[in-house]
Amino acid sequence: MANLNIDSVKSRTFDAIVIGSGMSGGWAAKELTGKGLKTLVLERGRDVKHLKDYPTTNLYPWEFPHHGVIPTEVQEANPIVNRCYAFGEDAAHFFVKDKEHPYVQEKPFDWIRGYQVGGKSLLWARQTQRWSDFDFEGPARDGFAVDWPIRYSDLAPWYSYVEKFAGISGNRDGIAELPDGEFLPAFPLNAVEDYFSKHVKKSYQNRHVISARCAHLSKPNPIHLEQGRGQCQERNLCQRGCPFGGYFSANSSTIPWALKSGLCTLRPFSVVESIIYDEKLGKATGVRIIDTNTKQAIEYFADVIFVNAAALNTNLVLLNSTSNRFPNGLGNDSGVLGKYVAFHNYSAHISAEYDGFKEWTTDGRNPAGGGYIPRFRNVYKQETNFLRGYAAGFSAYRRGTDNSDGIGQTLKDNLAKKELGNWGVGSHMMGETIPKESNYVTLDKSQKDQWGVPLLKISVDYDDNDEKMKKDYIEQMTEMFTSAGFKNIRAESDHRAPGLDIHEMGGVRMGNDPKTSMLDKWNRLHACKNVYVTDGASMTSTSCQNPSLTYMAMTARSVDHAVSEMKKGNI
Amino acid sequence: MNRRIAIRNMALVLASAAVLPSCLNNDKGKPVVQLKHLKINADQENLVSNVAETILPKTNTPGAKELGINLFIFKMLDDCNTKQQQETFLAGLDEFDDAVKKQYGHSFNDCSQQERTAFISSMEKPKPENGKKDEPAKSAVFYNMVKGLTVFGYTTSQYFMTKQVVYELVPGRYNAWFPVKKQAV
Ligand SMILES: Cc1cc2nc3c(=O)[nH]c(=O)nc-3n(C[C@H](O)[C@H](O)[C@H](O)COP(=O)(O)OP(=O)(O)OC[C@H]3O[C@@H](n4cnc5c(N)ncnc54)[C@H](O)[C@@H]3O)c2cc1C
Ligand code: SF4
């Protein structure tokens, strides 16, 4: 018997455990196995294999029962996820439905999730920008949150490292607040995007409209072909999973790479309930999971643990990992675990028309989505009545007129006749929000999920700074649109709840001082040195750039550190 | 991944795709289409199909019925409308048919082709009812729902997207600057 147990423990012991198999967990798996560690990747959802498990990827619009529209019953049963723009008939199966995994909204918060191998990396809009020193120095300069323990220079080589493997298209634009990367060719701006770009350059100091940088293989390198991925075919059906591997997802890239090493065990249907802390050894020894099929609790053991369950679930796992040493959650000596959650604010947008460039249109589709306007407010100095700033998307498109007048042959003719109308232009804001102690997540004291794990309670809201920033976005964009000669300008602000922007961050923030932060400059718990957190939970502040590329870079950097610490015998 | 393999995968998925609800039985009085929420009888079903066919008749190209758009309309009404919208639809249908009876002395289903076209043409330009501008007549709401779904079903149908315009699942190109002269449509 005793022997059997020892054998069983042995079979459940790995060098490393990764919690979560999405955007950041995929990178942890790839790097750990790449450095020779026997790695267990635990994923709460089902497996989604590249190509095999993309059921809608090659369907034509008419092959969907409702031609793309989500049935009312589904919409009504899922008010939260239904608010996400990408929740259509083609990709609904990659989103968590409201009832499946409830949470408690102390304040309205639209928590958009993907629970499966690949996580949200299957669904993302693939916008990728590096953060800059203006972001990492932000809290210290502007006096909020705590100082980041790292600067851009700490991350720069790791950005390069992950960009080369993931494949990022873009131009080298030479903008200090948006550092250049290792780029594949950019998707070019179209006539009106280019016109607006030149107009802005001429009329404003330090404002730019550039080709959006995105995780698409515009021109694959050998390393991408080696992953089994090919050139992006400009389908723009990416959220269904791409049969060409044209965009970066954990499913097409990092996870299969890790599996190919022979060192990776991928275990789907495994909800990590908590991390096991050994008080005698003074470190974490493994994790406890619930198998979602059998409801059985199983323990797995490893020397080092990477927590990559996506920001809020990472908070949940740590909060639920209690022991005598850490009664308030693993590593939570400071009491800040779960606090200083922040997000991005996408709640304003603007559209207009332009009647020039009638001789030009576009042909095909642009997977990058058009242009990107890097943050231009409060960059070099504080110059407005709000802190930080916003980036913006910008795109121009020319559509055929949509004439459904008449009946009979007239109607048929009208529908078939595609006369090109004016160019339309549009933009949406992407604002940075300020992490505050009053924006937090905790565990609900009584309610549990079907595996006996406490429900997450979310209490996150906008503030006055967000309102001022939004007003400024609308004013500045209206002015820029007006001076460019755009007509019929319509600026709107919507009243979405936080969360819908799907860039929630914080709760396990990095910092130099263990009294006010959870993680050190290597993304490991100050108080439990063999546990690393490298997803959005670790962000001290949120920048206004998209976050995922930064999670990837941080993950690769942290694995490098962890493995060198292991070699030194420190872990 | 190599493109040819992807295209082969594509063909596999295509072959197994199901499209529209099937016509099950044809008993008189019983609707042909199986619906989950919307309760309609055979007359109402015919009326909607006839309205759709009048909006989009068979000419030298296929019409609503041939393309199964009438069935698509029912599927969308049944699955993608709220209970309230469905009630509005049914109330509007009755009002619509009453108006037809008032004008021609018989139901829309018994109208000649000419009568149908004339009546539908008059629906195309809805007059504000009794000066009440903001609340359109129920019959107009009904008509607009059928028209909207007919147009949506048609413009997203395989026929339209392959024969009238060409929808490409895989463009394989993005030309950011494309001269309008070269545009095929
Ligand atoms: C529609 C959409 C558009 C987006 N657009 C962009 C964009 O343009 N640019 C950008 O940078 N970002 C974008 N994002 C956000 C991006 O997807 C996320 O930032 C990124 O996926 C986060 O990576 P992650 O590893 O933290 O989490 P995920 O990729 O979500 O992976 C987390 C994984 O952990 C698993 N997990 C959770 N809890 C547990 C547990 N207890 N035990 C075991 N497993 C667990 C989950 O099932 C999941 O698979 C977008 C997201 C969506 C949905
Ligand atoms: S745009 Fe590129 S990445 Fe997206 S589905 Fe198409 S080929 Fe794939």
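The values are calculated or read from the model by the stated rules, or taken from the named source; none is laboratory data. If you're wondering where the values come from, they're calculated on a predicted model, not measured in any experiment. Quick reminder, even Gly has a Cβ in these numbers, built from the backbone with ideal geometry, and neighbours come from all protein chains shown. The protein model used for the area step is the full one, side chains on, heavy atoms only, and it has no ligands, DNA or RNA in it. Shrake-Rupley method; radii C 1.70, N 1.55, O 1.52, S 1.80 Å.
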> So if we plug the beta-carbon distance of A:ARG12 and A:THR294 into 1/(1 + (r/R0)^6) with R0 = 22 Å, what FRET efficiency do we get, rounded to 0.05?
Replying inline: 0.90
>> Could you derive backbone 3J(HN,Hα) for the range A:486-501 from the dihedral phi with the Karplus parameters 6.51, -1.76 and 1.60 (θ = phi - 60°), listing whole Hz in sequence and x where the residue is Gly or Pro?
In response: 6, 10, 6, 6, 10, 9, 9, 10, 9, 10, 5, 7, x, x, 5, 7
> For the pair A:GLU479 and B:GLN113, what calculated FRET efficiency results from E = 1/(1 + (r/R0)^6), where r is the Cβ-Cβ distance and R0 = 60 Å, to the nearest 0.05?
Replying inline: 0.55
>> Multiplying the sequence separation of A:SER438 and A:THR265 by 0.36 nm and subtracting their Cα-Cα distance, what value in nm do you get?
In response: 58.3 nm
>> On C-alpha positions alone, give me the angle between the axis of helix A:152-166 and the longest principal axis of chain A, in degrees, nearest 10.
In response: 80
> With labels modelled as points extended 7 Å from the Cα through the Cβ direction, what inter-label distance (nm, one decimal) is found for B:GLU66 paired with A:TYR85?
Replying inline: 3.9
>> In whole Hz and in residue order, list the ³J(HN,Hα) couplings for the range B:44-54 that follow from phi through the Karplus curve 6.51 cos²θ - 1.76 cosθ + 1.60, θ = phi - 60°; x for Gly and Pro.
In response: 5, 4, 5, 4, 4, 4, 5, 4, 4, 5, 6
> From the square roots a ≥ b ≥ c of the eigenvalues of the alpha-carbon gyration tensor of the range B:53-97, which class results: rounded (a/c under 1.5), prolate (a/b over b/c), or oblate?
Replying inline: oblate
>> How shielded is B:56-69 by partner chains, expressed as the average number of their Cβ atoms within 10 Å of its Cβ atoms?
In response: 2
>> Which of rounded, prolate or oblate describes the range A:217-258 when judged by the alpha-carbon gyration tensor and an a/c cut-off of 1.5?
In response: oblate
> Which whole number gives the average count of other chain Cβ atoms within 10 Å of the Cβ atoms across peptide A:414-423?
Replying inline: 3
> Quick one: Karplus J couplings for the range A:397-402, per residue in order, coefficients 6.51, -1.76, 1.60, θ = phi - 60°, nearest Hz, x for Gly and Pro?
Replying inline: 8, 10, 10, x, 5, 10
> Does a label point 7 Å from the Cα of B:GLU87, set along Cα-to-beta-carbon, have any residues of the range B:32-52 with amide nitrogen under 15 Å, and which are they?
Replying inline: B:38-39
> Among the aspartates and glutamates, which have Cα under 17 Å from the Cα of A:LYS471 when same-chain residues fewer than 8 positions away are ignored?
Replying inline: A:GLU383, A:GLU432, A:ASP463, A:GLU479, A:GLU492, A:ASP494
> Which FRET efficiency value, to the nearest 0.05, is calculated for A:SER446 and B:HIS37 with the Förster distance at 30 angstrom and r the Cβ-Cβ distance?
Replying inline: 0.25
> Expressed in nm to one decimal, what extension gain is obtained for the pair A:SER153 and A:LEU420 from 0.36 nm per residue of sequence separation less their Cα-Cα distance?
Replying inline: 91.3 nm
> Cross-link list A:LYS38/A:LYS529; A:LYS97/B:LYS147; A:LYS38/A:LYS567: which exceed 25 angstrom alpha carbon to alpha carbon?
Replying inline: A:LYS97/B:LYS147
>> Could you work out what % of the accessible surface of the range A:504-571 is carbon and sulfur, using a 1.4 angstrom probe and leaving DNA, RNA and ligands out of the count?
In response: 49
>> At a 10 angstrom cut-off on C-beta neighbours, averaged per residue, how do the peptides B:159-166, A:34-41, A:354-361 rank from highest to lowest?
In response: A:34-41, A:354-361, B:159-166
> With every protein chain kept in the model, how would you rank A:TYR161, A:TYR103 by accessible area, 1.4 Å probe, largest at the top?
Replying inline: A:TYR161, A:TYR103
>> Give me the one-decimal nm value for the distance between modelled label points at A:LYS49 and B:LYS102, 7 Å along each residue's Cα-to-Cβ direction.
In response: 6.4
